[in-house]
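The values are calculated or read from the model by the stated rules, or taken from the named source; none is laboratory data. Not measured: the values here are computed from a predicted model. A quick note on method: Cβ atoms are made from the backbone with ideal geometry, for glycine too, and the neighbour counts reach across all protein chains shown. SASA here: full protein model, heavy atoms, side chains in, ligands and nucleic acids out. Shrake-Rupley method; radii C 1.70, N 1.55, O 1.52, S 1.80 Å.
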Amino acid sequence: MAVNPIAPGIYPVGVIDWNARHFHGHTYSTKRGTTYNAYLIVDKKITLIDTVYGPFSDELLANIRAIVPPEKIDTIIVNHVETDHSGALPELMKHCPRAKLHGTAKCQQGLEKYYHEKWDFQVVKTGDKLNLGARNLTFIEATMIHWPDSMFTYLVEEQILFSNDAFGQHYATSERFDDEVPNEVLMEEAAKYYANILWPFSSLIARKLDEIRSLNLPLKMIATAHGISWRKDPGQILEAYGRWAANECQPKVVVTYETMWGSTEKMARKIVEGITAEGVSVKLFDAAVSDRTEIIYEMFTSKGYLIGSSNHDSGILPSMTSFLDFVKGLKPQNRFGGVFGSYGWSGLAVKQMELILKECGIEQKQPSLAIQYAPDAEGLQRCFEFGREFARIVKAA
Ligand code: FEO
């Protein structure tokens, strides 16, 4: 395969996973597939930046072989331990056993625990440099973006930041750069990626962005480990990360519910009418049939969350339980919430959802709305007013 360099002597050798439909187990649905990007720098020291997911090891080796024999690799930069980036190492190291790995101390520990091998490893920290011959690398630790071991690598001469997970997207396409794909799709996938993977680490990301700014690194390109890299306008994604890390959102509402016999769904639909009547944008999702990744993406940009469930046994219906558990892990901040649902003889689901909002730090400004069995006309009117009131709260925030 002919490989076009991304800059003189720097070759993309990663792979496209066209059929990936799930990521992180089944926690993230990747409808556009994904890529595992790796880069080969041909200099006095032949250097590989990151590898790929293990099942694609042979493809990575073939891509490297198209440029240099893998045996000639001197240096491997491991920006991140997670197996979508390091999984090919065991196979690769059979071909270049004397290659020296470089990564953070946590990276060294993580690789040992994953692969149980004793590879030659150089621990690096922020500010450390590595001369490759005509080029120089500088390392920047990036703790929790996305794991404790994560780091960025900056190529001084070409002004390229190899950012690994940060600024990436799950977006499989033969194009490599931001000027080659529709910006709307690119930014949607970048936001979805941030929402579903990086949202809980927003305060750390805000600090890291400040640090990057303070380093005053000239940036011609951000080369990511997933999806599209940024060469036309690296500032666009840096600016977006700044807004996302600051928990910026819009006066919109997401209503997510699960229903047993349709009563909670009737409530949800009437609540949506109330929200709409106030002129506030709203999205409605049935947690039992909806793609959770898409719900989280909508919640990421919305100020208000309404959650509803019929009572089932002694609590919330199972799809809602699983959904809310996921939301808890994302630690949304600066949001308002509300609770509704129908019940037969025990109103425990509503009480439990109130507690979950509290645990998430999502402020509830109006009493929950619980209706026994099915809502009648008066009950539906209460739902409508409940929606209206919530929309007013969101607009006023
Ligand atoms: Fe793409 Fe945190 O791995």
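Computed with a 1.4 Å probe over protein heavy atoms only, the accessible surface of the range 10-245 comes to 39 Å² per residue.
Residue-wise HN-Hα couplings along the range 239-255, as the Karplus relation 6.51 cos²θ - 1.76 cosθ + 1.60 with θ = phi - 60° gives them from phi, are 5, 5, 4, x, 5, 5, 5, 7, 6, 5, 8, 10, x, 10, 10, 10, 10 Hz; Gly and Pro carry x. With contributions of -39500 (n - 2.57) from each DSSP H run of at least four residues, the per-residue ellipticity at 222 nm computed over the chain stands at -10500 deg cm²/dmol.
Dipole magnitude for the range 253-396: computed about the Cα centre from +1 point charges on Lys and Arg Cβ and -1 point charges on Asp and Glu Cβ, it is near 420 debye.
Using a Förster distance of 56 angstrom, determine the FRET efficiency expected from the C-beta separation of Ala240 and Asp313, and round it to 0.05.
After rounding, the FRET efficiency stands at 0.85.
Taking packing as the residue-averaged number of other Cβ atoms within 10 angstrom, the listed peptides 70-76, 237-243 run from highest to lowest as 70-76, 237-243. For Ala172, the amide hydrogen comes within under 5 Å of the amide hydrogens of Gly33, Thr34, counting only partners 5 or more places away or on other chains and with H modelled in the peptide plane.
Over all directions, the projected convex hull of the C-alpha atoms in the range 10-245 averages 11.3 nm² in area. For the chain, the calculated P(r), taken from all Cα-Cα distances in 10 Å bins from zero up to the bin holding the longest distance, is 5, 22, 27, 19, 14, 9, 3, 0 percent.
Expressed as a whole percentage, what fraction of the accessible surface of the range 85-198 belongs to carbon and sulfur atoms when a 1.4 Å probe is rolled over the protein heavy atoms?
After summing per-atom areas, the C and S share lands at 48 percent.
All other residues whose Cβ lies under 12 angstrom from that of Ala370 are scored, Lys and Arg at +1 and Asp and Glu at -1, for a net of +1. How would the range 165-234 be classified by its alpha-carbon gyration tensor: rounded, prolate or oblate, with rounded meaning a/c under 1.5 and the a/b versus b/c comparison settling the rest? Note, shape of the range 165-234 comes out oblate. Where in the range 6-20 does the amide nitrogen come within less than 18 Å of the point 7 Å from the Cα of Ala66, taken along Cα to Cβ? Flagged as within label range: 6-19. Annotation note: GluC sites (Glu not before Pro) in the range 162-221 located in DSSP loop regions with a Cβ neighbour count of at most 15 within 10 Å are Glu175. Averaging the Cα positions of each part gives two centres, and for the range 32-47 and the range 132-203 these lie 13 Å apart.
Between Ala397 and Glu157, the modelled labels are 5.1 nm apart [label points 7 Å from Cα along Cα→Cβ].
Once the 1.4 Å probe is applied to the protein heavy atoms, the range 253-396 comes out at 44 Å² accessible per residue.
Looking at the range 74-112, the trypsin sites (Lys or Arg not before Pro) that sit in a DSSP loop and have at most 14 other Cβ atoms within 10 Å of their own Cβ are Arg98. Applying the criteria of a DSSP loop state and at most 16 other Cβ atoms within 10 Å to the chymotrypsin sites (Phe, Trp or Tyr not before Pro) of the range 270-379 yields Trp345, Tyr373.
May I ask you to rank Val282, Val13, Val156 by accessible area, largest first, using a 1.4 Å probe over the protein chains only?
Sorted descending by solvent-accessible area, the residues read Val156, Val282, Val13.
Projected label points at Asn334 and Leu217, each 7 Å from Cα along the beta carbon direction, are separated by 2.5 nanometres. Calculation over all alpha carbon pairs of the range 44-182 in 10 angstrom steps from 0 returns a P(r) of 11, 42, 39, 8, 0 percent. For the pair the range 341-384 / the range 267-294, the C-alpha centres are spaced 15 Å from each other.
Amide H to amide H distances under 5 Å link Lys303 with Gln250, Lys252, where only residues 5 or more positions off or on other chains count and H is placed in the peptide plane. Rounded to the nearest 0.05, what FRET efficiency is calculated for Ala377 and Ser346 with R0 set to 30 Å and r the Cβ-Cβ distance? Result of the calculation: an efficiency of 0.75.
The accessible surface of the range 268-397, taken with every protein chain in place and a 1.4 Å probe, is 51 percent carbon and sulfur.
With q set to 0.28 Å⁻¹, the log10 of I(q)/I(0) for the range 238-281, from the Debye formula over equal scatterers at the Cα positions, is -0.94.
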